Amino acid sequence: MKITIKWITMAILLILALILPLFANEFIISVFVQAYFWAFLALSWDVIGGYGGQFSLGHAAFVGIGAYTSTILLESYGISPWMGMWAAGILAGIAGAFIGITSLRLRGPFFALATIAFAELVRLLLLYFKNVTRGPLGMLITQTGPQNMIFEQQSYYYYLMLASMITGVIFLKWFENSKFGIGLVALREDEEAAESVGINVYKTKIIGATISAFLTGIGGTIYAQWLHYVRPDVLVKLDYSTQIAAIDIVGGASSPYGGVIGSLILVPLSLYLNSIFGGMIAGLSLILYGVVLLLVVVLLPSGIYEFLRRRISDIMAKKMEKGGGKTA
Amino acid sequence: MAKLPSILKIKGITKKFGGLVALNKVSLEVRRHELLGLIGPNGSGKTTLFNVITGYYKPEEGRIYYKEQDITGLRPHKIVKMGVARTFQIPKPFGRLTVLENVMSAAMYGREATASKGKAKSLAMEWLKYVGLDKKADIEAKTLNIVERKLMELARALSTGPDLLLLDELVAGLNTSEMMNVVELVRRLVDEKGLTIIMVEHVMKAVMSISDRVFVLHRGEKLAEGKPEEIAKDPKVIEAYLGEPIKV
């Protein structure tokens with residue numbers, strides 16, 4: 001019974017998501033576009049950050065690498081982002097493997113610091129190689145048309161982001177029960193014990209970082225197409241890296257739904273706070289946003305998804321008891 | 001007992017931590033299908049020896065041969081895949097995985113490293129039944145009590161498909177009846193499943209009753225080696241460890 005309720009809920013949510021552009025205005029749609037985008041990034045981060053327990057604060061670097069790869073391919077070589085996104089993913093994946101190989105022997109905060117430094121390095125490289133990236137000015141996407149992943153209406157981006165996010169959820173659903181997923185969680189829980197069952201801890205972490213970066217890179221391409229431009233300081237900033245991690249942790253790390261829930265709450269909230277308080281006192285919206293983050297982390301340390309899941313299963317258990325009592 | 005060929009040969013192992021010599025030129029041979037008890041006072045180097053054999057520590061001197069192959073300095077996950085499994089003195093469960101997933105991980109990554117989840121699952125269930133934990137298969141490992149954690153870790157080690165199994169204080173903290181059950185189970189692993197086992201144990205009743213042979217470490221060196229009844233009467237062992245002769 002529980003399973004059917006779950007599927008019905010999912011189906012209803014999916015239908016709502018699919019028909020939303022029919023009655024929402026462009027602004028609302030664009031809020032959802034961003035929410036889905038950040039959800040996809042949070043899900044990608046979850047592979048290494050949540051399941052793998054390796055706290056990356058450099059994922060904006062992979063967004064940047066992905067966005068620049070496809071944009072350079074499009075603008076300089078005329079290659080469609082529908083192809084370019086795969087190159088973007090692969091290049092970001094290579095970067096993920098690189099940071100994994102160099103830094104994954106470090107633990108906890110030291111790994112996090114290394115990822116911050118790595119993202120900074122990527123930003124500086126994007127600024128430095130002016131003849132390819134056009135430096136601090138960034139690049140405008142001048143090509144048009146759906147064949148180049150450029151759409152006239154927000155609703156197309158909406159469906160593109162929605163599809164990406166759902167793909168992310170399905171991927172994590174599969175991933176968390178796969179041999180590799182179980183190995184990654186095992187090493188997160190105890191590295192020595194993981195070795196004792198035959199898991200190559202170092203290699204598994206590197207592959208985890210590669211997968212996570214690959215997905216994030218693809219996200220970067222789609223984001224660039226939505227923005228219509230790329231610029232180092234817009235894409236590769238610590239704010240973005242922390243936002244990706246924060247969304248996943250608030251929603252519920254190491255779960256296929258955490259990133260989605262976190263994003264659907266935090267992204268509209270941050271946009272809303274920004275639109276109300278952004279013009280009043282500088283930084284006020286950020287402070288309020290920070291307070292909300294802090295409250296969630298303190299009150300629901302295992303994330304919103306885990307909290308809801310427990311609540312629902314408690315209610316279900318009680319109902320079952322009641323039902324049982326009546327028939328007896 | 002007929003002398004069987006050796007499965008493990010440890011030759012002159014020295015392991016130092018800074019100025020402390022944890023193991024000093026220890027040599028030891030373990031025969032196939034043997035249950036070897038490894039005893040000695042706290043800090044005598046028993047766990048260190050386990051860590052050296054399984055690749056967690058690199059020794060400064062000496063070599064380790066498993067089935068005639070030099071395994072000195074190999075990474076732990078490689079040694080597992082060759083058929084040497086271990087448990088830890090303080091259990092290390094994968095807390096947020098279920099008991100079944102804990103044991104399955106060993107089947108999926110261990111010696112056979114089966115990619116098939118169904119196969120891994122049935123193997124894991126088999127060993128969980130063997131240690132009597134099959135009813136707890138679907139709960140999170142962090143909710144297990146200490147006895148269950150030890151049994152789960154045993155099942156997990158067994159699921160890697162070992163020929164040689166190293167048990168580090170498996171029965172410590174168990175009450176007498178639980179202890180005798182586990183001890184019997186360990187003996188059956190040798191007699192029925194054909195494993196070779198080295199067990200570190202402080203509970204003399206447990207070691208002496210099931211070991212084929214006992215090896216005594218003292219301050220990182222070999223103090224004595226022999227049949228349980230000989231060790232129990234050995235004056236050196238009595239002085240260093242046992243305190244008084246014990247009945248076997």
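The values are calculated or read from the model by the stated rules, or taken from the named source; none is laboratory data. In this text the structure is predicted, and so the values were computed from the model without any measurement. With ideal geometry, Cβ positions are generated from the backbone for all residues, glycine too; neighbour counts draw on all protein chains shown.
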Subset of region A:145-199 that is hydroxyl-bearing (Ser, Thr, Tyr) and farther than 16 Å from residue A:85 by Cα - its residue that is nearest to the other protein chains (Cβ to nearest Cβ): A:196
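Condition check ((1) touching a residue at least 12 places away in the same chain (Cβ under 8 Å); (2) assigned to a loop (DSSP other than H, G, I, E, B); (3) of a type outside the set (Lys, Arg); (4) within 30 Å of residue A:183 (Cα to Cα)) across all residues:
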residue	(1), (2), (3), (4)
B:167	yes, no, yes, yes
B:171	yes, yes, yes, yes
B:194	yes, yes, yes, yes
B:207	yes, no, yes, no
B:214	yes, no, yes, no
B:229	yes, no, yes, no
Long-range neighbours under 7 Å by Cβ, at least six apart or interchain, first residue touching a residue at least 24 places away in the same chain (Cβ under 8 Å) within region A:249-269, second among the hydroxyl-bearing types (Ser, Thr, Tyr) and surrounded by 21 or more Cβ atoms within 10 Å (Cβ to Cβ): A:251/A:263; A:251/A:305; A:252/A:305; A:254/A:51; A:255/A:305; A:257/A:305; A:258/A:305; A:261/A:305
Test result for residue B:36, part of a helix (DSSP H, G or I), in contact (Cβ under 8 Å) with a residue 40 or more places away in the chain and more than 14 Å from chain A (Cβ to nearest Cβ): no
The lone exception for residue A:14 - which of (1) under 12 Å from residue A:162 (Cβ atoms); (2) at pLDDT below 90 it fails: (2)
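Yes/no matrix, rows are residues, columns are (1) at pLDDT below 95; (2) small (Gly, Ala, Ser); (3) more than 25 Å from residue A:120 (Cβ to Cβ):
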residue	(1), (2), (3)
A:184	no, no, yes
A:215	no, no, no
A:232	yes, no, no
A:265	yes, no, yes
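Taking region B:59-80 on its own, how many of its residues are touching a residue at least 60 places away in the same chain (Cβ under 8 Å) and more than 11 Å from chain A (Cβ to nearest Cβ)? Full working, then the answer.
Of region B:59-80, the ones touching a residue at least 60 places away in the same chain (Cβ under 8 Å) are B:66-67, B:80.
Remaining after also requiring more than 11 Å from chain A (Cβ to nearest Cβ): B:66-67.
The number of residues fulfilling the criteria is 2.
Among the listed residues A:117, A:88, which satisfies the condition of being part of a helix (DSSP H, G or I) and without any contact (Cβ under 8 Å) to a residue 60 or more places away in the chain?
Details: A:88 fails: without any contact (Cβ under 8 Å) to a residue 60 or more places away in the chain.
Matching residue, one of A:117, A:88: A:117.
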Failed item in (1) in contact (Cβ under 8 Å) with a residue 12 or more places away in the chain; (2) of a type outside the set (Phe, Trp, Tyr); (3) part of a loop (DSSP other than H, G, I, E, B); (4) closer than 17 Å to residue A:224 by Cβ, with residue A:132 passing the rest: (3)
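Within region A:250-262, is even one residue farther than 30 Å from residue B:153 by Cβ and surrounded by fewer than 24 Cβ atoms within 10 Å (Cβ to Cβ)? Quick ask: steps written out before the conclusion?
Initially, region A:250-262 is screened for residues farther than 30 Å from residue B:153 by Cβ, giving A:250-251, A:257, A:259-262.
So of that shortlist, the ones also surrounded by fewer than 24 Cβ atoms within 10 Å (Cβ to Cβ) come out as A:257, A:261.
Checked region A:250-262: at least one residue is farther than 30 Å from residue B:153 by Cβ and surrounded by fewer than 24 Cβ atoms within 10 Å (Cβ to Cβ).
How many residues does region A:132-165 hold that are β-branched (Val, Ile, Thr) and closer than 13 Å to residue A:32 by Cβ?
Going through region A:132-165, the residues β-branched (Val, Ile, Thr) turn out to be A:132-133, A:141-142, A:144, A:150.
Now restrict to residues that are closer than 13 Å to residue A:32 by Cβ: none.
Number of matching residues: 0.
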Residue among A:73, A:13 that is assigned to a helix (DSSP H, G or I) and exposed (fewer than 15 other Cβ atoms within 10 Å of the Cβ): A:13
Condition met for residue A:68 (touching a residue at least 24 places away in the same chain (Cβ under 8 Å), in a helix (DSSP H, G or I) and touching a strand residue (DSSP E or B) at 6+ places or on another chain (Cβ under 7 Å)): yes
Residue match in region B:82-94 (condition: free of Cβ contacts under 8 Å to residues at least 24 places away in the same chain, farther than 24 Å from residue A:198 by Cβ and assigned to a loop (DSSP other than H, G, I, E, B)): no
Filter result (under 23 Å from the mean Cα position of the chain (by Cα) and either crowded, with 24+ Cβ neighbours inside 10 Å or at the interface with chain B (Cβ under 7 Å from one of its Cβ atoms) (or both)) within region A:200-209: A:205, A:208, A:209
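Answer yes if at least one residue in region B:90-111 is aromatic (Phe, Trp, Tyr) and buried (at least 22 other Cβ atoms within 10 Å of the Cβ), and no otherwise. Lay out the reasoning, then the answer.
Here is the first cut: in region B:90-111, the ones aromatic (Phe, Trp, Tyr) are B:94, B:109.
Now drop any that are not buried (at least 22 other Cβ atoms within 10 Å of the Cβ), which leaves B:94, B:109.
Yes - at least one qualifying residue is present in region B:90-111.
If you go through region B:231-248, how many residues are among the basic types (Lys, Arg) and part of a helix (DSSP H, G or I)? Full working, then the answer.
Initially, region B:231-248 is screened for residues among the basic types (Lys, Arg), giving B:233, B:236, B:247.
This time we only want the ones that are part of a helix (DSSP H, G or I), so: B:233, B:236.
Result for region B:231-248: 2.
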Odd one out for residue B:56 among (1) away from chain A (no Cβ under 14 Å); (2) modelled with pLDDT of 95 or more; (3) outside any helix (DSSP H, G or I): (1)
Region B:81-105, residues that are in contact with a strand residue (DSSP E or B) (Cβ under 8 Å, 6 or more places away or on another chain) and at the interface with chain A (Cβ under 9 Å from one of its Cβ atoms): B:85, B:86, B:87, B:88, B:95, B:96, B:97
Among (1) closer than 27 Å to residue A:255 by Cβ; (2) more than 22 Å from the chain's Cα centre (by Cα); (3) touching a residue at least 40 places away in the same chain (Cβ under 8 Å) - the single one residue A:15 does not satisfy: (3)
Extreme residue, farthest from the other protein chains (Cβ to nearest Cβ), among residues of region B:106-151 that are of a type in the set (Val, Ile, Thr) and without any contact (Cβ under 8 Å) to a residue 24 or more places away in the chain: B:143
